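Student: Starting off with a structure, shown below.
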Amino acid sequence: LEANSRDHEPEKERRTNAIKTSKYNTFNFLPLNLFEQFQRIANAYFLILLLLQVIPAISSLSWFTTVVPLVLVLSVTAAKDATDDIVSMKRTLPLGLTHPPLPTLPLYLGLTHPLYLIRKVFKPLDFFHLLLGCLILMMTHSPLLPDKPCVSSLLSEGEVSCEPPNNRLDRFTGTLTNAGQKYSLDNDKILLRGCTLRNTEWCFGLVLFGGPETKLMQNCGKTTFKRTSIDRLMNVLVLCIFGFLAFMCTILSIGNRIWEQLWGSEFTAFLPRQGGVDAPFSGFLTFWSYVIILNTVVPISLYVSVEVIRLGNSFYIDWDRKMHHARSDTPAKARTTTLNEELGQIKYIFSDKTGTLTQNIMTFNKCSINGKSYGEVQMVHRKSYGEHTETVDWSFNPLADHHFSFHDHSLVEDVKLESPEVQSFFRLLALCHTVMAEEKIEGELLYQAQSPDEGALVTAARNFGFVFRSRTPESVTIVEMGEQHSYELLAILDFNNVRKRMSVIVRSPEGKLCLYCKGADTMVYERLHQSCTKLMDVTTEHLNEFAGEGLRTLALAYKDLDEEYFTSWKQRHHEASTSLEDREDKLDLLYEEIEKDLKLLGATAIEDKLQDGVPQTIEQLAKADIKIWVLTGDKQETAENIGYSCNMLREEMNDIFIVSANNSDDVRQELRNAWSTMKPGAEEAANFMPERTLGNKPKVVRDEEVNGEYGLVINGHSLAYALEGSMELLFLRTACLCKTVICCRVTPLQKAQVVELVKKYKQAVTLAIGDGANDVSMIKAAHIGVGISGQEGMQAVLSSDYSFAQFRFLERLLLVHGRWSYLRMCKFLRYFFYKNFTFTFVHFWYAFFCGFSAQTVYDEWFITLYNLVYTALPVLGMSLFDQDVNDMWSFQHPQLYVPGQLNQYFSKTAFFKCALHSVYSSVVLFFIPYAAMYDTVRDDGRDIADYQSFALLAQTCLVITVCIQLGLDMSYWTAVNQFFVWGSLAMYFTATFTMYSNGTYLIFPASFPFIGTARNSLNQPNVWLTILLTSILCVLPVVAYRFLLIQLRPTINDKVRPLTNHTLSSRNTDQLHAAPPPPARRARIHRTSTRRSGYAFSHAAGYGDLVTSNCFLRRPAVTLTTAFTPLGRTTGFSPMGRSAGYSPTGNALNSRPQDVEVTSLQMYHRMRDPTF
Amino acid sequence: MKEELETANRPDNTAFTQQRLPAWQPMLSAGIVIPGFVLIGLAFIGIGVALFIASQNITVLEKDYTGVEITSDCYKCSNPSDKNCTCKLDFSLSNLFEGPVFFYYGLSNYFQSQRSYGVSKDDYQLSGDLDYFKTPISACSPYQYDANQNPIVPCGSLANSMFNDTFKLYQIVNGTKKLVPFDGKGIAWWTDYNIKYRNPSVTPLKNAFNGTVKPPFWSKPAYELDTSDPSNNGFVNQDFLVWMRRAALPDFRKLYRRITEGDYASGLPAGNYSLEIGYNYPVLSFGGRKKVVFSNVSWMGGKNQFLGIAYLVVGSLCVVMSTVMLIVYAKFKFPEDD
């Protein structure tokens, strides 16, 4: 690829950035669309039917009976395809317009702030299949850095050679040659497609890959076409129906053969056979004739109706104001319109943590200083929702961050009283950290913290009058109660996951040496001086309280150092840090040595802010018997902590198993232990090897019962072993016994693997919800993927099926929309099969009375219009408006959701019942009119038992019966439904009288031979009495059966529905419309036994070195941004593609970064999401 | 409640989009179902009784004249080769057969409901379209053209197989035969007679049939079906219309004549009768049966016991069912609490 030499770029070779997403244009639409449509089996089937119908010997029905519905179905589908196409084309346009220059960007690049912070953040991708790939080179070497944008002359000829397109996000190799100089290009110098540049006004780049060649595109994996379980069931059923159709036709053709032999051959005087047709051949022809007549058992409009219903129900999701997030003005969006009913069947939810359950905002909430707990006021007030508590006024502090709020005034009082402990406490917070400060404008401090926890702590200190202002590698400047002091920074004893603490050693302006330490309570407590015992007890109590509330705690301690000792320690420290062997161990030993006999200052409690309503939502979903597994890239402590604050883990749980072993055997042992704790004695009997049934499909693992509540926390390492073939079943069964499962430190790939595991062994519908790129694989793997929208990363949304802004909307999506969709779809299917079977089976009975001649019972026009006109709208109305109980009651009784999970509303059994019901109805519909019309005449003696009158009678009975049946099934009669039902009946009679009128006959004599039938038979009382008897007899047994079932075996539905009516009539209706009272905050049970640490610090190692290194000097202190949470390599972005395997033995996750280059750029251009 | 601002993306607040449409929500509660069953049951029993009584009051006299038994007078005619055979059927009435009396012929095991039989006719031709006199539609095959390629009018199996037995009823009064007058008008549907079937507007009617042949089984062409009455001739001949309205079931009866005139306007008086049958129509070859039926009608049409009994049975079942449901409800009704 040559740069900047335009004459070397032949137009042809340049890849355009646009991706063609529209399939059709105006001219090819019709043929192409028709071709596609006829590839669908259902449509092809009807085409074959049509062909059969034009064979005169077979044709038992006029061609129009098939053509009219087929054309209608094809045009509806074509219209939908066209709309989809236009929509996708419209979405294409803006992107194409806004980014055309990208592919031809010059190679040179420069940044307004050369060495400052460049953030790459995944930004909203406008449309996923239009990925504009761009890899922008960032030149950090000074020779390439221009001072001004117009530097194109700097490089007249440049050349980039690089690796071919691949899906590895974590590496890139290439070289840039310019003016004879070579620069190596690695992963840190490229921008991936979808990144956003921040904090720079402009930047030059060179596009290396575009479109599908971009790494992101290569990584997206194949989007599999998702189908609902109802879809799959329907396919099976349709096959069964085909079989049944063939079976019926075979019986009837055998009947025909026998009839032809016994009667037909003798009846030839009046009905001569067509030439060459003998009895067996006639039987053969009859088979096909009956295929035509009985084809309505495979209803052509089924698929179209299903699509329409799903579309309608998707629109309800888009339209729902209660799923619209006001703050970000983001409405919910059903991105897939084909999965709705599956939302009513979810059994497992896999949730991401950061950004999904939490807001990724940390707030300094409480603290305990010298045995006194602060911040409690806030908690008291939080009990009453929406009540504003008086926050602390920060006006005394000009440097305060006014976004920070605190509700306990006593702490401010204590600070103002200059209590030494309180002062030390905040001084520690202001000194002991790796935050960097930016002060572009005097007095406006922006902190840049490596972890949000630190940011919160330093901000808290700032507001309470201990303002961290700036740092150099050797000093930290803070403003203490308005006075600026500079502390000499002598050492940073850096944080890591083993130490779980960090310390700084500083010399105060007065010359006092002091070590400040903050860290996990467990770690700090071990190193405290004995004199602190009493304080420890009090603080422990506070820590327990904090932890019980799900807050993240840190213990703070300090120690005054002896000058002499420190000098010697410093010497040894220097030796250790420069030694080549066992540097880490030596340093650790040194750290241990100095961090002892600490004096406890207190503890901090930080709230990892949950999104609104998360605990309530989880509680509701748990009541609906939905299991929630949290899959997070976070550390175990953080994940556990969130588990507690979401009420997923609870103190009163019988046991919480933590699996964090590092090899296969240990993991197995830990899982087995967990299993035997939960199911004592059952271990021997349990078989954990995957059984395979015939056809090599893994056996479905049934749900198992367990006494008590358990939780399981497993980390990524162990999970890698647990997901191995020999252990996966043990893991799955153990996990499924637990009420809560939390997988921490998992890679995106593992997220998908866990989902796949559950999909494989559990006959359950899964849902994955997440917000970031790391959730994409899991979102794609699950039956339903939900993306949290309205935030920066849109990748999750783009690969999701549904998106909304807040986790709490999930409750409404599932318990209301999902449940209704499922209910509606099931009701629709049951009714639709019923009405078509009933319609068709009548032909079967009539066959015995028409010599198996494929004579239809009904008028051909009725056959044509039955599904399309007479019965289409009422059932559609039911499937769009029906609700068993309204949304409030759905929330109040989440158990209403359970039948969906158990497939109770539509299954093979339900289908079979439907078919039986149809058989009964068809028997009544044929034999009652048969017996009632047998040998009878009109009241003026004329004919009424003729074929046409009988046909009219049968079809009228049928229409009325199916309408009443619909009325029975429908539980929510809106005006629209009333209109549809009565309208359809009126339509039937209007159409019938019109088609059987003189005028119509005179225009088309051959097409409307039923002239006069309606007038001659529908004025007879015995005809109406027959209609009444038939329809009542069809329906009454159903009513009786349902009534008895409600009495004898009431479902949850039957129990809740009367309540709603009761409330409607007796209580005031306001209550029904009012929101259910927010669940009272769970009363904390005071812990008696084990102590749980609330430690959860999302910090990564390596930053101590950074802030003390000389490279840091290159950063002017005023250029940092606020609220910035970059991350270290340890929790960095991992490849999300399938190809990027995860090795359990590799040390990619937990080890220290091996190669943190100490440049500011290196530090800050990690991907956004700090914690997976 | 309304504090949230209407932002650009906020969905509309309508009852429809928010799924809050007011609705009637019926339920299968005991208070509706049990009384409902009782009411339906009682209503059905009432209807059933009315129907049953109406049906009981209808008199039907049915006589088979196929001539299967040797004892039957028509046995001699049962040989199809025997043309223009006449037989008679004697019967006596002990009471007055209340009028108006309808006289039907009935056929059994006769599949007018067969599809290929039913479609074997030409509606255009029968509506008087002369184009179709020359080229009848192919559905009429093999009665579309005769061996000489002359079009058959009316074409098709249905027309060709028209019933052609003739009947004359005599009352034996003091040993002499007194002809009971038959009324053959208005036995077909008004719509068939006035709209659906029409003769071509050619006079004389015979000319319209030039170049066509009569159906092979017919003894005379269509334009000679009733030479005495032009309004009962050709395609609008009442007997033809009755035949062309094909039956739904293999056993059927068709109206032949009404007895409404003269001494018999109020019915057939008690006494001896003799029915003279012109036996032409062969049914024995396919195991069919022929019969004649005298019947009067009521408000509910002809005699049909089934409907009344069915109503009574269903009505009773409803009442029984309501009792069962009441018992079940009283015993098992689930507690009203949450």
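Student: Under 5 Å between amide hydrogens, which residues at least 5 positions from A:Ile658 or on another chain qualify, with H placed 1.01 Å from N in the peptide plane?
Tutor: Result for A:Ile658 returns A:Val713.
Student: Let me ask something additional. Report the relative contact order of the stretch A:403-490, percent, no decimals, based on alpha-carbon pairs under 8 angstrom and at least 6 residues apart.
Tutor: 22 percent
Student: I've got another one for you. Can you check what the net charge comes to around A:Tyr846, using other residues whose Cβ is under 15 Å from the Cβ of A:Tyr846 (Lys, Arg +1; Asp, Glu -1)?
Tutor: That works out to -2.
Student: What FRET efficiency would be calculated for the residue pair A:Leu30, A:His409, taking the C-beta separation as r and a Förster radius of 60 Å, to the nearest 0.05?
Tutor: According to the calculation, E is roughly 0.20.
Student: Using a 10 Å cut-off around each Cβ of peptide B:194-200, what is the average number of partner chain Cβ atoms that fall inside?
Tutor: 3
Student: With an 8 Å cut-off on Cα pairs and a minimum separation of 6 or more residues, tell me the relative contact order of chain B in percent.
Tutor: 35 percent
Student: To continue, here is another question. 7 Å from Cα along Cα→Cβ at both B:Asp90 and A:Lys440: what's the point-to-point distance in nm?
Tutor: 12.7 nm
Student: Ok, one more. For chain B, take the longest principal axis of its alpha carbons; what is the angle in degrees between that and the long axis of helix B:30-56, to the nearest 10 within 0 to 90?
Tutor: The angle comes out near 10 degrees.
Student: So who's got an amide H within less than 5 Å of the one on A:Phe466, skipping anything under 5 residues away but keeping other chains? H placed 1.01 Å off N, in plane.
Tutor: HN-HN under 5 Å from A:Phe466: A:Met481.
Student: Another question, if that's okay. If Lys and Arg each add +1 and Asp and Glu each add -1, what is the summed charge of the other residues whose beta carbon sits under 11 Å from the beta carbon of A:Asp801?
Tutor: Net charge in that neighbourhood comes out at +3.
Student: With labels modelled as points extended 7 Å from the Cα through the Cβ direction, what inter-label distance (nm, one decimal) is found for B:Trp190 paired with A:Val67?
Tutor: Taking the two extended label points, one gets 3.6 nm.
Student: So, one more: For A:Arg227 paired with B:Glu6, estimate the spin-label separation in nm (one decimal), with each label point 7 Å from Cα along the Cα-to-Cβ line.
Tutor: 4.4 nm
Student: Ok, one more. If you check each cysteine of chain B for another cysteine whose beta-carbon is under 4.7 Å away, which ones come up empty?
Tutor: Among the cysteines of chain B, those whose Cβ sits 4.7 Å or more from every other are B:Cys318.
Student: Rounded to the nearest 10 degrees, what's the angle between the helix B:305-332 long axis and the longest principal axis of chain B, both from Cα atoms, 0 to 90?
Tutor: So the helix axis and the longest Cα principal axis differ by about 20 degrees.
Student: Could I ask something else about it? Other chains near B:289-299: what is the mean number of their Cβ atoms within 10 Å of each residue's Cβ?
Tutor: For this peptide, the per-residue mean of nearby foreign Cβ atoms is 2.
Student: If one computes the Cα centroid of the stretch A:798-835 and of the stretch A:301-358, what distance in Å separates the two points?
Tutor: About 7 Å separates the Cα centre of the stretch A:798-835 from the one of the stretch A:301-358.
Student: I want the local charge near B:Leu93. Using Cβ-Cβ distances under 15 Å, sum +1 for each Lys or Arg and -1 for each Asp or Glu among the other residues.
Tutor: -2
Student: So, in Å, what gap is there between the alpha-carbon centers of the stretch A:713-764 and the stretch A:509-557?
Tutor: 36 Å
Student: Now for a different question. Could you calculate the FRET efficiency of A:Ala975 with A:Lys322 from 1/(1 + (r/R0)^6), where r is the beta carbon distance between them and R0 is 22 Å, rounded to 0.05?
Tutor: 0.45
Student: Hey, can you rank A:747-757, B:190-200 by average C-beta count inside 10 Å, highest first?
Tutor: Put in order of decreasing packing, that is A:747-757, B:190-200.
Student: Report, as an integer, the average count of C-beta atoms from other chains found within 10 Å of each Cβ along A:1012-1019.
Tutor: Counting Cβ atoms of other protein chains within 10 Å of each residue's Cβ and averaging gives 3.
Student: In whole angstrom, how long is each semi-axis of the equivalent ellipsoid of the stretch B:1-93, when you take the square root of 5 times every eigenvalue of its Cα gyration tensor and sort them from largest down?
Tutor: 75, 26, 10
Student: Counting only C-alpha contacts under 8 Å and six or more residues apart, can you give the relative contact order of the stretch B:1-141 as a whole percent?
Tutor: Across the stretch B:1-141, relative contact order equals 9 percent.
Student: With only Lys, Arg, Asp and Glu charged, each at its Cβ (+1 for the first two, -1 for the last two), find how big the charge dipole of the stretch B:61-306 is about the Cα centre; round to the nearest 20 debye.
Tutor: 160 debye
Student: Rounded to the nearest 0.05, what FRET efficiency is calculated for B:Gln305 and A:Leu1028 with R0 set to 25 Å and r the Cβ-Cβ distance?
Tutor: Computed FRET efficiency for B:Gln305 and A:Leu1028: 0.90.
Student: Suppose the chain between A:Ser395 and A:Glu709 were pulled fully straight at 0.36 nm per residue; how much longer would it get relative to their current alpha carbon spacing?
Tutor: Contour length minus the Cα-Cα distance gives 108.1 nm.
Student: Which order do the peptides A:828-836, A:990-998, A:758-766 come out in when sorted by mean C-beta neighbours inside 10 angstrom, highest first?
Tutor: A:828-836, A:758-766, A:990-998
Student: Taking 0.36 nm per intervening residue step and subtracting the Cα-Cα distance, what contour gain separates A:Leu916 from A:Arg1042 on full extension?
Tutor: Between A:Leu916 and A:Arg1042, full extension yields 43.9 nm more.
Student: For B:Tyr256, which sequence-distant residues (separation of 5 or more, or a different chain) have an amide H within less than 5 Å of its own amide H, given hydrogens modelled in the peptide plane?
Tutor: Residues meeting the criterion, in which the H sits 1.01 Å from N, are B:Phe103, B:Tyr104, B:Tyr105.
Rule-based calculations on the coordinates, nothing more; no lab input. All values reported here derive from a predicted model rather than from experimental measurement. FYI the Cβ positions are ideal-geometry reconstructions off the backbone, even for glycines, and counts take in every protein chain you see.
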